Structures are given as C-alpha cells and as structure tokens.
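Computed from the coordinates by the stated procedures, all read-outs in this text should not be read as laboratory data. Please read all numbers here as calculations on a predicted model, not as lab measurements. Cβ: placed from backbone, ideal geometry, glycine included. Neighbour counts: every protein chain shown.
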Amino acid sequence: MIMANMKTIELRRHSTKSGPGNHDLSEAGIALAHRIGKEELHGKNFTLLFDSPLKRAKDTLNAFKEGALDFPDVQPQLFPPLMEVALQKSAMELWNGVCNHAEERDEDMMQAALENEPALTNTLAKEAAASFLRWIASLPDDTNALVVGHSPFFEMIALGLFDEVLPQLQPCEGFRIIEENGALRLEK
C-alpha cells in the first residue's frame, strides 16, 4: 500500500467588519466567526494556524478557535505569501484603490481588480501562487493548516495556481488547497 503525502490548507476570509476599509470586526462579525468555528471548523484537526498582521484577521481566528473549542495549542504565525506579496507597494495601491472602491460599492473586489487593473492583478496572482508553492513545500507532510486572511488576495492565489476566477469570498467563507503527492487541487 502506498501512503499519500498530503497537505491541506484551508483559506478563510476574515469575518464581517464594522465598516469598509481598514476596520475591526463588528459584534455581528465576532458572533458569525464563533458560529463558523463551532459549525464548520470543529473537528477539522488543524495542526498549524496562520493569519495576517491585521487585527480583524487575528480576531476572526480567535473567534473561530473559541467557537470550535478544539484548535491546537499553537501560536498562530503570519501567512508568508501574504507578507511577501500582498504588502508590496503595487499590491497596497490596488487594495487601497480599486479594491477599496469596489468594497464601498458592495461589488466583487476580484472582478473590479481584473476589470480595472488586469495586468497588475495577473502579475500579483502569479507572484502569490509562486510564494504559496514555496511556502507549502516548506511545510511538513500531513500539515492541516487554517489560514485567516483577506479578499481578494486568497482569490488571487486561486487564480495564479489554477487559472480560475473565484467570486469574492464573503465573510468567513473559504476554500481548501490540497497537495497530495506533489499535485494540487482546489476544493470549494
């Protein structure tokens, strides 16, 4: 019998904010993250936890943990692809410009980025995918990681890895990327 080398990465958007732009979670957002932790993340047997440096991602991860009641007792780490790609000057200009305006109009940020800045969006998607591949290669076999971060960065990873445009993730929504014996697949 051949044993599969498998790594599972669950990417989840932070919960509902108190307003557009760089805001903290709302009370409803904290309650939503608790519920998602209890109903969708309990029993997932995560081995590693990752987030972004923004408070809303950290607060969402904490609320997921409180709701699930069975997360590992490990210190969350910063998500390396986000730190490497999403904090670049060009990416920050995209987030603060096109994406922020789309969010204020309650429009899909990924679609807005592709429509208004297609070259930059595709370049960032390729860079995000390359960074993700380097990062996942560094993880031990049988990793089962939860990553809490942001839209449209997670959608850009999917675009770069799978050439698939996902609709913008709503608060606490996500998808999984599974690596098995060196092959990647996307699970929505």
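Overview of results
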read-out: Complete set of residues in the stretch 1-51 that are crowded, with 17+ Cβ neighbours inside 10 Å and in a helix (DSSP H, G or I); value: GLY29, ILE30, LEU32, ALA33, HIS34, ILE36, GLY37, GLU40, LEU41
read-out: Check on PHE154, within 20 Å of LEU48 (Cβ to Cβ), of a type outside the set (A, V, I, L, M), in contact (Cβ under 8 Å) with a residue 40 or more places away in the chain and crowded, with 20+ Cβ neighbours inside 10 Å; value: yes
read-out: The stretch 70-96 residues that are surrounded by fewer than 21 Cβ atoms within 10 Å (Cβ to Cβ), paired with ones that are of a type in the set (Val, Ile, Thr) and assigned to a helix (DSSP H, G or I) (beta carbon under 9 Å, 6 or more apart); value: SER90/THR123
read-out: Qualifying positions in the stretch 52-63 - surrounded by 19 or more Cβ atoms within 10 Å (Cβ to Cβ) and part of a loop (DSSP other than H, G, I, E, B); value: SER52
read-out: Test: residue in the stretch 113-129 that is in contact with a Leu (Cβ under 9 Å, 6 or more places away or on another chain), closer than 30 Å to ALA28 by Cα and not in a helix (DSSP H, G or I); value: no
read-out: Among the residues listed as ARG185, ARG176, ARG134, the single one being under 19 Å from LEU49 (Cα atoms) and touching a helix residue (DSSP H, G or I) at 6+ places or on another chain (Cβ under 9 Å); value: ARG134
